[in-house]
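Asks: Here it is, the structure in full.
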Amino acid sequence: MKIKSHKFTFSLHTLLILFLTGGIIVFVGLGIHLLLKVQQVNQAATTERFTNANMELTRALQKLTQNATDLGLRFSAWDEVQQQLLTPTYYAYWREQRMRKVRQLPEYVVDIELYNFDGKTLVQPHTSSLPNPLPTDKSYFTSENNHSFLYRFTPVYDRIDTRKIIGYTGIKLDVLPALLAIYHFSHTRADSIKSISFAESLTSIDEVLPYVEFEPLPSPQSSHLESLIKWNLLHFSILMAGMVLLLYFLFSYFLKRPLATLVKQINTLRAGNPSPLLESQFPLAVTEIDTLKESLIRYQYDLDKVHSKLDRQNVELWHLAHHDPLTGTYNRRAFDDDWVHLTELFQDQRISISYLLFDCDHFKAINDTYGHQIGDDLIKIIASNLQQCLRKGDKLYRLGGDEFAAIILNTSTEGVAYLAERCIKTIQFYPFRDLGIREPVSICVGIANAEGTDLNELKALPRHADLAMYHAKKSSAKIQVYTQKMGEDSSILSSHIVNAVLAAIKDDDRILPHYQEIRRCNTNTVSFYEALVRLKDVDGMIYPGDIFPVINRHALGAEFDHGIIAAIQRDLEADIIPHGTGVSINLSAAALIEPDLDRHIVGLLPYLHSHTIVMEVTETSIISHLNQATDNLKELQRLGFIIALDDFGSGYSSIRYLANMPVDIVKFDIAMIQTMRESPRNRKIVEHIAKMIRDAGYLLIAEGIEDQKTLELVIEMGATHVQGFHIDKPVRLPHKLPNASNQ
Amino acid sequence: MSTLPITRRMALAGLALLILLFSLPLGADTVQEKLPSGRYGVASFHQAELSKPAILVLHGFLTTHNFNTVMSIAELLAENGNTVLAPTMTLGINARQGGLSCDAIHTHTLEGDLEEIAFWIDWLNNRGHKHIVLIGHSSGSLELLAYLNKNPHPAVKKLIATSLVYADGFNATTLVEQQIAAAQQKHRQGDRSLQSYTLSYCRNNFLAPPYVYLSYTAWTRERVLTALKQSPVPVGIIMGGKDNRFQEVWVQELQQTGAEVLIIPGATHFFDSHHEFDLHDAILSQLE
């Protein structure tokens, strides 16, 4: 049985690894996706924080600018500024010493300068870092040594005449410290604020802003979220790794290991080695696996029972296949098997082999006369007696019908002859009358011996035994041992005849039907011709006497009949058979009982309207398979064929069969004609039989008419048709009879 | 000397603060006048009836008329119905608005201050006030005494000197003497460079040229006592009982000058806390 299985299969371990790997990949993928999402959120948050920081820095610079303005105003309003502007005697000291000590201005104001109302510093040369004279812009940014400074210049008004400018103050603020001092950064990392050098003085914040580097403060929420996610991912990864290992362990321990044990058990079973599953001990904590194990045990138990049953059935089947059901002896198959084995044995060892072929004389006649049951009983008795006559261990084979064989190893020819003689005598003296058989029952034995290692000699043993049997049948001695002379004289089973028959079956052109006239007695005209077979051979013609023993021996009746029918059809097509006459064809028993007989005679149907076509069958061919034969004969009658019963009176002819069979013509066998001459009583019987047949509506053909006296006798008997060499000899071309006699 | 419980003192101090805050606007104006020095002087002025003495209240060393003690006195007197003028000495700064720190550059002199005092007394007199009482606090008392010693205006009828000091009264005599000697030498040499001196509460950080320092330190203990004795008008002196800037002998010496010396027990140099009321009572008492 071919089991449809998946193209790709995976082991449990591989599947587990795949599933776990898949799970890990999904987890890692999700983790990466999550991290990417977090990074995106962080990126957005960073952008927002950068924007916020930028805005914050703008606000801080605005505040710084305002702060510088306030500081300038406050500084300008200071009494000591008024003092210095009005009495600058000690201005240098005041600016250098006093201003360093006094905390009038914040520390991020790194330098100051006072200008008189003309915009000149109070002392010359001025030593401060502020410009001299007073610049046009009252407020601007500069960059010095990577430091940004904000300059703020504020007018100082007279305290009485408040519209009168008496001088100016200038303050210089270090931008970064100032920013850190006046502004609390909540979006910008204070220590990240750095200035980039720029060449010119810048007056607006928008101009300054690009030259300030800064970093936004990290978002505690997003940083916390990211770290939280990473932390959780790490822990989940560790947890998952642990889970994977745990799953792998649990799976291996609770599933894979038991399943592997079960699979191993099953494989052991498959290998035909039943193993003690019940004794297998492993932890089956999984219900399904436990159930599977129980099922497997039950299955194994059932399988064992089935195996036992199958073994018994195999033994029985082998017995049936190798034994003949009727006799209980070994059959043809057993013979073939043993023969093969023997052939192999013969090649290796020097052994002597004797092949004994047994055949019951006239079994067919007995079977036909007393019926199948008696025939079967007869066969069983013969088999039983033959087995008893053989030695213990000698096998008896029924090759078919009434034919038996025995192979005797390492026994002298005398011993074998003794065995054969014992068999013949046993059968001869058996009380077959108990079966109702009145005629004596005997058997013939053909023996062939082989000794040595010549395989060809071994293979020829059956044929040699056949020839010996053939000679035994023909002679009075019931036992014949094959001799080389038998092989040389044999024509009946010569290989070239067999070859010719087989060739004719293959190529029906080799069959040359000859036609013998069957004449009407009342009009002395040709009614039809009986087709008599001839085979064309390189050495000439082969006649039925040589042909039919081969056909019978090799059971080629049906195939040969098909060739004859084809050859006759060809002759009908060639118009060899004259119109208004007909042809009779002998059908063997094998052909008669073919279920598809009509298929082989369909080519004859077109000629039924122009020719009488007669199918001749023998009584025994009908009786052997009465039902099938009767059905086929009826079908032939329905199609228009005429049915003739041939050889009536040659065997155990039964009136009962004749009455029941669909027959139109009865052909008296020559033996019936000869019987008439033996005694007046016999003549009366035959004449009455003939009359009975004729009165029953049958046509009666007397065949075997070889002289005028016999012709007159059968006409007187009441034959409607006659046939024989006295009437006509078989010829190939009947309508060219005068010219064809030379052919 | 009587003492008050701390809780009561605190309550009185709070009340005084409230009175100060809500009474300032009462008729007090800020006047600015061009002084003889060319600079503008600033003063708080409350105009009242001419029948009552006009009071000139002068602040102490390097402060302004906004100094607490001065302001409270001015307010007290304004409420009392007196015309009150509380000028701020310019100390060389035009319309000076705040106190001057010790380590600022000081180019002002006591003589300059006396000129400004004389200007403001004239200013009051020019407004019809013929009865003028001078009230000074700390160095302000000293400068008013110096003014009286020089050439006082006839309208000045009395001096009430609170926490009266002399130039070196705050510090060790030896140190001041040494610095004065050094300053005198530099001054003689024409040196006008800035030096750090010890003067009043300025300890070695009074930044001034020698002549400035010398102008203030000229009013020594003896000179003050002498001036008190020679004062053309009555002098009332109000001193804090716990003014630690002087030794007790100073009060005794003051009492010996003939001046009416009133000691407010427990009061400090600034008459802070509830002693301010005692001061007020004392001043009002002096004015009667």
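Asks: From A:Val102, A:Val109, which residue is within 14 Å of chain B (Cβ to nearest Cβ) and of a type in the set (A, V, I, L, M, F, W, C)?
Replies: Of A:Val102, A:Val109, the one residue that is within 14 Å of chain B (Cβ to nearest Cβ) and of a type in the set (A, V, I, L, M, F, W, C) is A:Val102.
Asks: Those residues that are open to solvent by less than 30 Å² (accessible area, probe 1.4 Å) and within 14 Å of chain B (Cβ to nearest Cβ), I need them from segment A:124-158; list them, please.
Replies: A:Val156, A:Asp158
Asks: Do you know which residues across segment A:701-733 are in a loop (DSSP other than H, G, I, E, B), open to solvent by 20 Å² or more (accessible area, probe 1.4 Å) and among the acidic types (Asp, Glu)?
Replies: A:Glu706, A:Asp707
Asks: Continuing with the same structure: Quick check on B:Gly258: is it outside any strand (DSSP E or B), open to solvent by 20 Å² or more (accessible area, probe 1.4 Å) and farther than 19 Å from B:Leu144 by Cα?
Replies: Here the answer is no, as B:Gly258 does not meet what is asked.
Asks: Can I ask one more? So which residues in segment A:88-110 are closer than 21 Å to A:Ala68 by Cβ and out of contact with any Pro (no Cβ under 6 Å at 6 or more places or on another chain)?
Replies: A:Arg95, A:Met99, A:Arg100, A:Val102, A:Arg103, A:Gln104, A:Leu105, A:Pro106, A:Glu107, A:Val109, A:Val110
Asks: Restrict the check to segment A:729-739 and report whether at least one residue is of a type in the set (A, V, I, L, M, F, W, C) and modelled with pLDDT of 80 or more.
Replies: yes
Asks: Can you tell me which residues in segment A:461-476 are modelled with pLDDT of 80 or more and open to solvent by 80 Å² or more (accessible area, probe 1.4 Å)?
Replies: A:Arg463
Asks: Is it true that some residue in segment A:24-31 is hydrophobic (A, V, I, L, M, F, W, C), more than 60 Å from the chain's Cα centre (by Cα) and away from every other protein chain (no Cβ under 14 Å)?
Replies: Taking every residue of segment A:24-31 in turn, none turns out to be hydrophobic (A, V, I, L, M, F, W, C), more than 60 Å from the chain's Cα centre (by Cα) and away from every other protein chain (no Cβ under 14 Å).
Asks: Please determine whether any residue of segment A:322-332 is at pLDDT 80 or above, assigned to a loop (DSSP other than H, G, I, E, B) and among the aliphatic types (A, V, I, L, M).
Replies: Yes.
Asks: Any residue in segment A:671-697 that's of a type in the set (Gly, Ala, Ser): show its pairings with residues that are part of a helix (DSSP H, G or I) and crowded, with 16+ Cβ neighbours inside 10 Å at Cβ separation under 8 Å, as long as the two are six or more apart or on different chains.
Replies: Pairs that qualify, where the first residue is of a type in the set (Gly, Ala, Ser) and the partner is part of a helix (DSSP H, G or I) and crowded, with 16+ Cβ neighbours inside 10 Å, are A:Ala690/A:Met717.
Asks: Right, another one. Applying the selection to segment A:32-77, what residues are within 14 Å of another protein chain (Cβ to nearest Cβ) and either open to solvent by less than 30 Å² (accessible area, probe 1.4 Å) or modelled with pLDDT under 85 (or both)?
Replies: Matches in segment A:32-77: A:Phe75, A:Ser76.
Asks: Answer with yes or no whether B:Ala86 is surrounded by 22 or more Cβ atoms within 10 Å (Cβ to Cβ), modelled with pLDDT of 95 or more and not polar (S, T, N, Q).
Replies: yes
Asks: Which number in (1) open to solvent by 40 Å² or more (accessible area, probe 1.4 Å); (2) without any contact (Cβ under 8 Å) to a residue 24 or more places away in the chain; (3) in a helix (DSSP H, G or I) marks the one condition that A:Gly393 misses?
Replies: (3)
Asks: Further question: For segment B:158-199, give me each residue that is touching a Phe, Trp or Tyr at 6+ places or on another chain (Cβ under 8 Å) and within 14 Å of chain A (Cβ to nearest Cβ).
Replies: B:Arg192, B:Leu194, B:Gln195, B:Ser196
Asks: So in segment A:78-90, with the set limited to residues that are assigned to a helix (DSSP H, G or I) and of a type in the set (Val, Ile, Thr), which one is surrounded by the most Cβ atoms within 10 Å (Cβ to Cβ)?
Replies: Within segment A:78-90, the match that is surrounded by the most Cβ atoms within 10 Å (Cβ to Cβ) is A:Val81.
Asks: If I filter segment B:112-125 for residues that are within 14 Å of chain A (Cβ to nearest Cβ) and open to solvent by 20 Å² or more (accessible area, probe 1.4 Å), do I get at least one hit?
Replies: Yes, that holds for at least one residue.
Asks: Still on this structure, I have one more. Does A:Ala472 qualify as being of a type in the set (A, V, I, L, M, F, W, C) and under 54 Å from the mean Cα position of the chain (by Cα)?
Replies: no
Asks: Among the residues of segment A:169-207, write down those that are free of Cβ contacts under 8 Å to residues at least 60 places away in the same chain, more than 30 Å from A:Glu48 (Cβ to Cβ) and either within 14 Å of chain B (Cβ to nearest Cβ) or touching a Ser or Thr at 6+ places or on another chain (Cβ under 7 Å) (or both).
Replies: none
Asks: Looking at segment A:683-700, which of its residues are open to solvent by 60 Å² or more (accessible area, probe 1.4 Å) and not in a loop (DSSP other than H, G, I, E, B)?
Replies: Across segment A:683-700, the qualifying residues are A:Arg683, A:Lys684, A:Ile685, A:His688, A:Lys691, A:Met692, A:Arg694, A:Asp695, A:Leu699.
Asks: Same structure, new question: Run A:Trp339 past the list (1) touching a Pro at 6+ places or on another chain (Cβ under 9 Å); (2) open to solvent by 80 Å² or more (accessible area, probe 1.4 Å); (3) under 17 Å from A:Tyr397 (Cα atoms) and report the number of the one that doesn't hold.
Replies: Single failed check for A:Trp339: (2).
Asks: Just the residues that are touching a strand residue (DSSP E or B) at 6+ places or on another chain (Cβ under 7 Å) and surrounded by fewer than 16 Cβ atoms within 10 Å (Cβ to Cβ), please, taken from segment A:396-425.
Replies: Result: A:Leu409, A:Asn410, A:Thr413, A:Glu421.
Asks: Moving on. Looking at segment A:211-223, I want the residues that are at negative phi and at pLDDT 75 or above and have a partner that is in a helix (DSSP H, G or I) and among the acidic types (Asp, Glu) with Cβ atoms under 9 Å, at least 6 apart or on another chain. Which pairs are those?
Replies: Correct list of pairs: A:Phe214/A:Glu56; A:Glu215/A:Asp191; A:Pro216/A:Glu48; A:Pro216/A:Glu56.
Asks: A:Gln104: touching a residue at least 24 places away in the same chain (Cβ under 8 Å), surrounded by 14 or more Cβ atoms within 10 Å (Cβ to Cβ) and among the polar types (S, T, N, Q), yes or no?
Replies: In short, yes.
Asks: Please go through segment A:443-460 and pick out each residue that is surrounded by 24 or more Cβ atoms within 10 Å (Cβ to Cβ) and within 49 Å of the chain's Cα centre (by Cα).
Replies: Of everything in segment A:443-460, just one residue is surrounded by 24 or more Cβ atoms within 10 Å (Cβ to Cβ) and within 49 Å of the chain's Cα centre (by Cα), namely A:Ala448.
Asks: To continue, here is another question. Identify, please: which residue in segment B:149-164 is assigned to a loop (DSSP other than H, G, I, E, B) and not hydrophobic (A, V, I, L, M, F, W, C) and is, among those, least open to solvent (accessible area, probe 1.4 Å)?
Replies: Per the stated criteria, the residue is B:Ser163.
Asks: Within segment B:76-108, count every residue that is of a type outside the set (A, V, I, L, M), farther than 18 Å from B:Ser138 by Cβ, touching a residue at least 40 places away in the same chain (Cβ under 8 Å) and away from chain A (no Cβ under 14 Å).
Replies: Here the count works out to 4.
Asks: Also, quick follow-up: Go through segment A:78-98 residue by residue and tally those that are facing another protein chain (nearest Cβ under 9 Å), over 18 Å from A:Arg163 (Cα atoms) and of a type in the set (A, V, I, L, M, F, W, C).
Replies: 1
Asks: Considering segment A:180-207 alone, what residues qualify as being buried (at least 19 other Cβ atoms within 10 Å of the Cβ), among the aliphatic types (A, V, I, L, M) and more than 23 Å from A:Pro131 (Cα to Cα)?
Replies: Hit for segment A:180-207 is A:Ile193, nothing else.
The values are calculated or read from the model by the stated rules, or taken from the named source; none is laboratory data. What you see is a predicted model, and the numbers here were worked out from it, not measured in a lab. Don't worry about glycine lacking a Cβ; one is built from the backbone with ideal geometry, like all the others, and counts go over all protein chains shown. These area figures cover heavy atoms from the full protein model, side chains too; ligands, DNA and RNA do not enter into them. Shrake-Rupley method; radii C 1.70, N 1.55, O 1.52, S 1.80 Å.
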